[in-house]
Each structure stands twice: as structure tokens, then as C-alpha cells.
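Here is the structure we will look at, set down as C-alpha cells.
The values are calculated or read from the model by the stated rules, or taken from the named source; none is laboratory data. This structure is a prediction, so every number in the text was calculated from the model and none was measured. Here Cβ is always computed from backbone atoms with ideal geometry, including for glycine, and neighbour counts include all displayed protein chains.
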Amino acid sequence: MRGSTMLSNEEHWMRWRTVVAAFAAVLVVMSGLAVAAPAARKAPTLEVRPRAAVRGGRVVFYGSGFPPLVRVSLLAGLPETEAVRIGSARTNADGSFVAPIAIERAVAPGRYVALACRHRCRMKATAAFRVR
């Protein structure tokens with residue numbers, strides 16, 4: 001006769017199935033999280049070089065952190081004013097771009113804010129530069 005601490009075959013297999021089912025559920029949840037959670041995208045950045053340029057000269061906009069292979073609008077304006085579209089750039093497979101920008105001779109000297117925008121500027125990066 002069996003002792004009271006011994007499990008019957010049916011109870012043993014029932015516990016075994018419960019453990020296997022729980023393990024399988026954990027694996028399904030873990031694999032779903034790995035697929036559902038994409039890698040965090042870094043925030044877009046913009047750099048303007050040189051930081052100070054002369055009228056009639058050039059600056060170069062360097063952007064990164066945008067989606068790959070998309071068009072980005074480039075804007076510039078005086079601080080606290082509406083920026084004006086001055087061009088566009090297409091990002092590469094890494095989500096970055098390089099865009100040379102000519103500064104017209106008629107541009108007033110002063111501090112300017114550059115913007116690189118995507119989706120009506122819901123995704124954007126800014127940088128400051130000066131025109132002499």
C-alpha cells in the first residue's frame with residue numbers, strides 16, 4: 001500500500017503537464033515581448049557647421065536619428081520667429097543626412113535657428129548658427 005505522501009500516476013502527470021504548460025506560456029510571453037518591443041530610437045539631432053558663416057557663404061546641416069530613407073524638410077529663421085523652408089534632404093539607411101546650404105547675400109546678420117523636420121515638425125531637431 002502506498003503512503004499518503006506518494007502521488008498517483010494521474011496526479012503526477014497532471015502536475016507535470018501543469019509545469020510544462022506554465023513554462024510554455026512564459027516562453028510565448030517572452031518571445032512576444034521581444035517582437036513587440038522595437039529597439040528604442042534615439043532622438044533626432046542636428047548640427048550646423050561652421051557655427052558662424054558669412055553672407056554669400058555656406059553652412060552644412062548634419063542630421064541623425066531620423067527614420068531611414070525619408071525626406072526631411074530643412075528650415076531656418078531668427079529666434080522667436082516663423083522659420084522659412086530653405087531646402088530638404090534625404091536620410092540614408094542609418095537615418096542621417098548631410099546637406100550643404102548656401103546663405104544668400106541678402107540675409108540679415110544675426111543669430112539663426114536651424115530645424116530639420118519630419119511629419120510637419122512633430123519629429124524635429126534644432127541647432128543654432130550665426131550669420132555675419
Discussion item. Suppose we filter the range 95-130 for residues that are in contact (Cβ under 8 Å) with a residue 60 or more places away in the chain and in contact with a Leu (Cβ under 9 Å, 6 or more places away or on another chain); how many remain?
Written reply: 7
Worksheet entry | Count of the range 81-94 residues which are of a type in the set (Gly, Ala, Ser) and under 15 Å from residue 129 (Cβ atoms) | 2
Worksheet entry | Evaluation of residue 33 against (1) assigned to a strand (DSSP E or B); (2) aliphatic (A, V, I, L, M); (3) modelled with pLDDT under 60 (one fails), failing number | (1)
Item to complete: Evaluate the range 62-80: report whether one residue or more is at pLDDT below 95 and closer than 23 Å to residue 131 by Cα.
Response: yes
Practice prompt. Within the range 57-81, count every residue that is of a type outside the set (D, E, K, R) and either loosely packed, with under 12 Cβ neighbours inside 10 Å or outside the structural domain of residue 103 (by TED's automatic domain parsing) (or both).
Written response: 4
Response to the item:
Selection from the range 91-132 of residues under 12 Å from residue 67 (Cβ atoms) and of a type in the set (Phe, Trp, Tyr) yields 97
